[in-house]
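What follows is one structure encoded as C-alpha cells, with my remarks underneath.
The values are calculated or read from the model by the stated rules, or taken from the named source; none is laboratory data. It should be emphasised that the depicted structure is a prediction, and the values quoted were computed from it without experimental measurement. A quick note on method: Cβ atoms are made from the backbone with ideal geometry, for glycine too, and the neighbour counts reach across all protein chains shown. The area values use the complete protein model at the heavy-atom level, side chains included, leaving out ligands, DNA and RNA. Shrake-Rupley method; radii C 1.70, N 1.55, O 1.52, S 1.80 Å.
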Amino acid sequence: MEIPSKYNPAEVEDKWYKYWMEQNFFHSEPDERPSYTIVIPPPNVTGVLHMGHMLNNTIQDILVRRARMTGKNACWVPGTDHASIATEAKVVNKLKAEGIDKYDLSREEFLRHAWDWTHKHGGIILEQLKKLGASCDWERTAFTMDEARSESVISTFIDLYNKGLIYRGVRMVNWDPAAKTALSDEEVIYKEVKSKLYYLKYKLDGEEGYVTIATTRPETILGDTAVCVNPADSRFSHLKGKRVLVPLINRSIPIIEDEYVDMEFGTGCLKITPAHDVNDYEIGLRHNLPAIDIFNDDGTLSKAAEIFIGEDRFDVRNKIIPDLEKAGNIERIEDYTNKVGFSERTDVAIEPKLSAQWFLKMEELVKPALENVMNDTIQFHPPKFKNIYRHWMGNIKDWCISRQLWWGHQIPVYYIPGGDYVCAETEKEALEMARKKSNNNNLTTADLTRDEDVLDTWFSSWLWPISVFDGIRKPGNKEIDYYYPTSDLVTAPDIIFFWVARMIIAGYEYENQFPFKNVYFTGMVRDAQRRKMSKSLGNSPDPLDLIAKYGADGVRVGMLLCSPAGGDLLFDESLPQQGAGFTTKIWNAFRLVKNWEVNSEIEQPEHSKLAINWFHNKMKEVVETLDNQFSQFRISEALMTIYTTVRDEFSGWLLEIVKPSYQQPIDAKTYTEVVELFDRLLQLMHPFMPFITEEIWQLLKDRNQGESIMVCRIPSTEKYDTDLVNAFENVKETISGIRKIRTEKNIPIKDALELKVQQGDKGYEERFNSVVIKLANLSSLEQVSAEVQGAASFRVKSTNYYVPMEGFINVEEELKKLEEELKYTKGFLTTVMKKLGNERFVNSAPEAVVALEKTKQADAEARIKVLEERIASMK
C-alpha cells in the first residue's frame with residue numbers, strides 16, 4: 001500500500017475515535033478482572049475546554065489506557081457539575097439581555113429557563129474531550145442534577161440531619177453581593193489590595209474629648225454598636241463605663257473592654273460592628289451587643305444605616321469621607337495594603353454578614369479522613385500537599401451548605417405555621433411528619449412552605465465517587481461493590497478542600513473506606529511569564545485550535561513535556577510544536593520500515609542479529625523503568641522515557657544498524673523482528689499518543705476487524721541482560737567517538753576508516769565489532785598493544801581508540817591547529833591559576849565558585865596533556 005509522506009492528524013483522529021466508539025472499547029461492566037476506576041472531576045455543565053482541562057484529562061486518559069492494556073477492567077466515568085452560582089449567573093444575564101428580571105419570574109419559570117440553557121450549552125465540554133482522545137465510558141455520563149444524583153443528595157441531607165449533624169443557625173457568613181448568596185470559607189479568595197486606613201474621631205457622649213479608631217471601611221461605622229479597648233491598656237482606663245457617639249448619626253454606644261483588642265495595633269481602640277465582621281460578631285456575643293445589619297443582599301445600604309440608603313457600599317465609602325471631614329471626625333488618612341476576600345465565582349469583594357443558614361457539623365466527620373491521609377492509606381502525589389491538607393482539616397469549621405439561589409438541589413425542609421419545620425424527601429412525607437409534630441391532622445400541603453435555599457454545589461460533588469455507581473440510593477449494589485473504592489483521582493490542588501477532602505469525608509461516612517487510593521495533583525497551567533492562563537489576559541490559547549494545528553497527540557505530548565506532579569506547567573506553543581515533531585519522527589520511522597524491500601533468500605547479517613538482541617533487552621529495561629515511574633506517578637518522566645527510547649534507541653540506533661544499503665533489500669528475519677519490536681514499542685507509546693499509534697499499528701501488519709492496539713496487552717516486566725545493555729552503551733560511545741573525528745576532520749561518511757583498539761579492562765565490546773564496522777564505515781578493526789602514532793584518538797572507559805589519519809588530513813595544518821589550541825588552553829589555565837593563587841578570592845568567594853575554578857583547572861590540565869600527546873605523536 002502507498003503510505004502518505006505526511007501524517008494527517010485530523011483524518012486519522014476522527015477515523016479511529018469513531019472506530020473505538022463503534023467497537024464499544026471504552027465501556028465497562030463488572031466482571032472477573034480487577035477493576036481500575038477513575039471518576040472525572042466534573043467540569044461546569046456550561047463550561048468549555050481550557051488548558052487546565054487539557055492537562056488534567058490527558059493524564060487521566062494515560063492512566064486509564066495503560067490500566068486497560070495491563071488487563072484491568074478500566075472504567076473512566078465522565079460527567080458534569082450543575083455549578084449553581086456560575087450557571088445561575090449566566091441564566092440571569094441571559095434573561096436580563098432579554099429584558100426579564102429573575103424576580104419577576106416564579107421559581108418554576110426561572111428553572112425552566114435554566115434547564116433550557118443547560119440543555120442548549122451543557123455537555124459541550126464532554127464532546128470537546130473526545131477530540132483529545134478521552135476514552136471515557138460515555139454510556140455512564142452523569143450530571144450532578146440528574147435523577148440518580150439529585151435523589152442521592154437529598155437522601156444524604158436527610159440522613160445527616162437525622163444524625164444531628166445538620167443544623168440551622170444565624171451565623172456570620174461570607175456574603176457574595178453579586179450572586180446574592182452565602183459562600184463557604186473555601187470559596188473566598190484573598191487578594192492584597194491597596195487601601196486607605198482612615199483614623200476617625202468618636203466624640204465622647206455628654207462631655208468633651210474623643211477616642212480615635214482606625215478602619216479601612218468607613219461606611220461600616222453606621223453599624224457600630226460599641227468601641228472596645230483592652231482592659232490592660234492604661235491609656236484608656238479613664239474611659240471605663242463611658243459612651244461615644246457614632247459619627248454623622250450620633251448613635252450613643254458603650255465603650256467596652258475585651259482582651260481580644262491588640263494594644264499595639266492601630267490606636268488601641270476598636271470599633272465593633274457585630275453584623276459585618278467575624279471577630280466583632282464574637283465580641284458582640286460575649287458582651288450582648290445588638291447587631292445592626294446596614295447592608296441589603298445586593299451590597300447597597302439598608303434603612304438600618306439611616307443615611308445613604310439604597311446606595312452601593314463602595315460609592316458610600318467615597319461619599320462618607322467628605323461628610324466626616326466636614327463634621328470634624330477625620331484625624332488623618334494613610335495608604336494601607338491589606339488582604340480582602342473576593343468571591344471565587346463572581347470576583348466581587350465578600351461582605352461578612354449575619355444570616356440564617358444551614359450548616360454541617362464537621363468536627364467528628366473529618367477524623368477518619370484526616371487520619372487516613374496522614375498514615376498514607378490514601379497517598380498524595382506529590383506528598384507535600386499532606387501538610388496543607390492536615391492544616392485545613394485540623395482547623396476546620398462547620399460547613400455552610402445553603403445557598404440563596406434557585407438553580408440547584410432545593411433543601412428538603414418544610415416549615416410549619418408557627419416556625420417549626422420537618423425534613424423529608426417528598427411533600428407527602430413532609431405533611432405526615434408535620435401533622436405528627438404539630439398534633440394537627442388538619443394540616444394540608446398548602447400549609448407547608450419549603451425552604452427557598454439550595455445546597456452548595458459541592459454538597460453534590462462530594463458524593464461523586466459513590467453516587468455515579470448509585471451507592472447512596474442502593475448501598476451494596478453490584479457496581480458500587482465492584483468499582484468502589486476507585487483507583488486514582490487526578491485533580492488540581494486548588495480544590496483540595498472544596499472537593500478532595502470532602503469526598504474522602506463522604507467515603508468514610510457512607511462506604512466506611514477511602515474513595516480513591518491515590519490523588520495525583522496537577523500543577524497550574526501558566527504562560528511563560530508565570531501568569532495564570534485566563535481569557536481576560538488573552539494568554540490562554542483555545543485547546544481545540546491547538547489540536548487542529550498540532551494534532552491531539554502532539555498537544556498531549558506537549559502538555560506533559562514539562563509537567564511534574566504538583567509543579568506548574570509553563571506553557572509555550574513550542575511544546576505542542578515539539579509534540580507534533582515527535583509524531584513526525586514516529587511516522588517517518590514507520591515509513592522507513594514499511595518501504596523496505598524484503599528478501600527471504602538473504603541471510604540475517606551479524607550486525608542486525610546483535611542489534612535486535614540488544615533492543616529486545618533494552619526494551620525490557622524500558623518496561624521496568626516505565627512500571628516504576630507509573631507506580632510513583634512520575635507521568636512526565638514516563639513520557640520522556642518513551643520519547644527518548646523512540647527517538648534515540650529505536651530510530652537513532654536500531655533502525656540505523658539494520659537499515660539495508662541504498663536500494664538494497666532487507667532480509668526477512670530482520671524485517672519480521674523489527675516489525676515485532678515496533679509493534680511492542682507502539683503499545684508502550686499508546687497511552688500517551690493513542691491516535692498515531694493506532695494508525696501505525698493497524699498498518700504495520702494485517703489486522704482483523706475489531707482488533708485495536710488499545711485492547712492489546714502492554715509488554716510486562718521480564719528479566720533482561722543488564723550486561724548486554726550496558727555493553728551497548730560502550731558501543732554507542734565508540735561510534736560517537738569515530739563520528740566526532742569525522743566531523744572535526746571533515747571526513748565524509750563514504751570514506752572508510754581504520755580503527756585500532758588498545759584494549760583496557762573496560763570500554764571495548766568485541767562481540768559488537770560488526771555493529772561498529774557498519775555504523776562507523778570501517779575498512780578494518782584490529783587490536784593493538786601500543787599507542788598508534790599520527791592517529792586521531794579518543795577514550796572509552798579505560799580503552800584507547802585510534803583512527804589513523806594518513807591520507808585524510810594535512811599534517812602541517814593539523815599540527816598548527818593543535819598548537820594554537822594548546823597555546824589558548826595554557827593561557828586559560830594561567831588565568832584560572834591566578835584566581836586560585838589569590839588568597840583573598842579563595843577565602844571570601846562562595847565555596848561553589850571556588851570549586852568551579854578548581855574544576856576548570858583540572859579540565860584544562862587534562863586537555864593540555866591530551867594535546868601535547870597528540871602533537872608529539874604527529875612529529
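Taking the mean number of other Cβ atoms within 10 Å as a proxy for protection, how do you rank 515-526, 217-228, 325-336 from highest to lowest?
Details: 515-526: 20.7, 217-228: 23.9, 325-336: 13.1.
The packing order, highest mean first, is 217-228, 515-526, 325-336.
LEU546: net charge of surrounding residues, Cβ under 11 Å, Lys/Arg +1, Asp/Glu -1, itself excluded?
On the way: positive: LYS131, LYS549, ARG556; negative: ASP542, ASP545, GLU573.
Taking every other residue near LEU546 into account, the sum is 0.
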Could you check how much of the accessible area of region 138-182 is carbon and sulfur, as a whole percent, using a 1.4 Å probe? 47 percent
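Can you show me the helix-derived [θ] at 222 nm for the chain, built from DSSP H runs with n ≥ 4 at -39,500 (n - 2.57) apiece and divided by the number of residues, rounded to the nearest 500. Write out the running numbers ahead of the final one.
Working: 28 runs with 363 residues, N = 875.
Theoretical 222 nm ellipticity from helices: -13000 deg cm²/dmol.
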Among chymotrypsin sites (Phe, Trp or Tyr not before Pro) in region 644-708, those in a DSSP loop whose Cβ has at most 11 other Cβ atoms within 10 Å are TYR662
If packing is taken as the average count of other Cβ atoms within 10 Å, what order do 366-379, 588-601 fall into, highest mean first? 366-379, 588-601
Seen from all sides and averaged, what is the projected area of the convex hull of the Cα atoms in the chain, in nm²? 52.3 nm²
Shape category assigned to region 689-840 from the gyration tensor of Cα positions, a/c cut at 1.5: prolate
Which percent of the accessible area of region 341-492 is formed by carbon and sulfur heavy atoms (probe 1.4 angstrom)? 47 percent
Restrict the search to region 713-817; then list the trypsin sites (Lys or Arg not before Pro) that DSSP places in a loop and that have at most 16 other Cβ atoms within 10 Å of their Cβ. ARG713, LYS719, LYS750, LYS762, LYS797
So if the hydrodynamic radius of region 337-442 is defined as the Kirkwood radius over C-alpha pairs, what does Stokes-Einstein give as its diffusion coefficient at 20 °C and 1.002 mPa s, in µm² per second? 118 µm²/s
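Given Cβ point charges of +1 (Lys, Arg) and -1 (Asp, Glu) and nothing else, what value in debye, to the nearest 20, does the dipole of the chain about its Cα centre take?
1360 debye
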Return one number: the angle in degrees, 0 to 90 and rounded to the nearest 10, between the long axis of the Cα atoms of helix 635-644 and the longest principal axis of the Cα atoms of the chain. 20 degrees
Residue-normalised accessible area of the chain, expressed per residue, 1.4 Å probe, Å²: 46 Å²
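When a/c reaches 1.5 or more, the comparison of a/b and b/c decides; with that in mind, is region 631-727 rounded, prolate or oblate per its Cα gyration tensor?
Values: a/c = 1.78, a/b = 1.12, b/c = 1.59.
It is oblate, given that a/c is not under 1.5 and a/b is not larger than b/c.
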How far is helix 811-836 tilted, in degrees, relative to the longest principal axis of the Cα atoms in the chain, given as a value from 0 to 90 rounded to the nearest 10? 40 degrees
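Using DSSP, restrict attention to beta bridges with both residues in the chain and report what percent are antiparallel, rounded to the nearest 5.
On the way: 62 of 90 bridges.
If I count the DSSP bridges inside the chain, around 70 percent turn out antiparallel.
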For region 231-311, the percent of accessible surface on carbon and sulfur atoms (probe 1.4 angstrom, ligands and nucleic acids excluded) is 50 percent
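How would you classify region 1-48 from its alpha-carbon gyration tensor, with a ≥ b ≥ c the square roots of the eigenvalues: rounded for a/c under 1.5, else prolate if a/b is greater than b/c, otherwise oblate? Mind showing how you got there, number by number?
Values: a/c = 3.15, a/b = 1.49, b/c = 2.12.
Judged from the Cα gyration tensor, region 1-48 comes out oblate (a/c at least 1.5, b/c at or above a/b).
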Measuring from the longest principal axis of the C-alpha atoms of the chain, the long axis of helix 9-22 (C-alpha) lies at a number of degrees, nearest 10, equal to 70 degrees
DSSP-loop GluC sites (Glu not before Pro) across region 797-851, with at most 11 other Cβ within 10 angstrom: GLU806
